[in-house]
Every structure is written in structure tokens, then in C-alpha cells.
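J.: Below is one structure. I have some questions about it.
Only the coordinates and a few stated rules stand behind these numbers; no lab work does. Predicted model, so just to flag it, every value in this text is computed and none were measured. Here Cβ is always computed from backbone atoms with ideal geometry, including for glycine, and neighbour counts include all displayed protein chains.
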Amino acid sequence: MEEILCQSCAIPMDSMGEMYGTNTDGSKSKDYCNFCFENGAFTTDCTMDVMIEIRIFNMKSSDSSMSAYEARKMFGEFFPTLKRWKTASR
């Protein structure tokens with residue numbers, strides 16, 4: 001089974017839909033998590049680079065063994081493939 005990732009912040013979303021954000025009609029968004037998307041809109045208006053820094057901060061808070069440098073490099077390569085950032089400028 002393929003892991004479903006938020007198309008804004010890349011966090012894994014559960015298969016039960018508890019982590020899914022909501023569309024304007026109240027239905028679950030299949031693309032975005034509840035931290036990034038609520039009532040059909042993004043919860044924060046930020047750039048991709050800011051979102052990467054947020055993810056690095058959260059990752060380091062959870063005692064990840066990956067360095068901030070390694071995470072920034074990994075996210076910098078991966079985030080442009082996510083739906084929210086494909087057409088957005090950095």
C-alpha cells in the first residue's frame with residue numbers, strides 16, 4: 001500500500017482519514033492534512049521555503065537523527081514535487 005502524504009507539508013496521513021483536512025463542503029480533502037487545509041483553504045499563507053523550515057523544526061522536535069542540513073536538502077528536492085508547490089514560487 002502506498003503511503004499517502006500531505007501535498008503541502010509531506011506528513012504521512014492515516015488511511016482512516018483522521019489526518020485529512022476539509023473541503024468547503026465539509027468533505028475530507030484527499031490531498032492535504034488538517035494542519036495545512038481547513039474549510040477549503042490553506043491554514044497558512046507561506047512559501048515553500050518557510051514550510052520546509054517548519055517541517056525541519058517539527059522533525060528536530062521529535063528527536064530525529066537527521067541533521068537540519070540533511071533535512072533541508074531532502075525536503076528541498078522533494079517539496080517541489082508536491083501538488084501545492086509544483087506551480088508556486090519559492
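J.: Restricting to DSSP H runs of at least four residues, report the calculated mean residue ellipticity at 222 nm for the chain, -39500 (n - 2.57) per run over all residues, nearest 500 deg cm²/dmol.
T.: On the way: 2 runs with 25 residues, N = 90.
The per-residue figure over the chain is -8500 deg cm²/dmol.
J.: Using the crude model of +1 on Lys and Arg Cβ and -1 on Asp and Glu Cβ, and no other charge, please compute the dipole size for the chain relative to its Cα centre, in debye to 20. Mind showing how you got there, number by number?
T.: Working: 10 positive and 13 negative charges, 60 e Å.
Dipole size: approximately 280 debye.
J.: Under 20 Å from the Cα of residue 73, which lysines turn up, not counting those fewer than eight places away in the same chain?
T.: 60, 83, 86
J.: Full extension from residue 45 to residue 83: what is 0.36 nm times the residue separation minus their Cα-Cα distance, to one decimal in nm? Don't skip to the end; give the middle numbers.
T.: Numbers: separation 38, 0.36 × 38 = 13.68 nm, distance 1.52 nm.
Here the segment from residue 45 to residue 83 would lengthen by 12.2 nm.
J.: Something else: Given H placed 1.01 Å from N in the peptide plane, which residues other than close sequence neighbours of residue 33 have an amide H under 5 Å from its amide H?
T.: For residue 33, whose amide H was placed from the backbone, the distant partners under 5 Å are 7, 8, 9, 21.
J.: How about the stretch 1-83: which GluC sites (Glu not before Pro) there lie in a loop by DSSP and see at most 15 other Cβ atoms within 10 Å? Each step should come with its number before you reach the end.
T.: On the way: sites: 2, 3, 18, 38, 53, 70, 77; in loops: 2, 3, 18.
The qualifying sites are 2, 3, 18.
J.: Still on this structure, please answer the following. May I ask you to sort 84, 72 by Cβ crowding, counting other Cβ atoms within 10 Å and putting the fewest first?
T.: In order of increasing Cβ crowding within 10 Å: 72, 84.
J.: Here is a further query. Working out 0.36 nm times the residue gap between residue 28 and residue 66, then minus their Cα-Cα distance, what length gain in nm do you get to one decimal?
T.: Numbers: separation 38, 0.36 × 38 = 13.68 nm, distance 3.18 nm.
Gain on stretching residue 28 to residue 66: 10.5 nm.
J.: With springs only between Cα atoms under 10 Å apart, run a GNM on the chain and tell me which of 76, 26, 40 wobbles the most.
T.: 26
J.: Between 61, 27, 15, which gets the highest mean-square fluctuation from a Gaussian network model of the chain, Cα cutoff 10 Å?
T.: Of 61, 27, 15, the Gaussian network model singles out 61 as fluctuating most.
J.: Which value, in Å to one decimal place, does the Kirkwood hydrodynamic radius take for the chain when every pair of different Cα atoms is included? Walk me through the intermediate numbers first.
T.: Values: mean 1/r = 0.0735 Å⁻¹.
With all distinct Cα pairs of the chain included, I get 13.6 Å.
J.: Normalising by the residue count of the chain, find the relative contact order in percent from Cα pairs under 8 Å and 6+ residues apart. Spell out each step's value before the answer.
T.: Values: 111 pairs, mean separation 23.2, N = 90.
Averaging sequence separation for qualifying contacts and normalising by length gives 26 percent for the chain.
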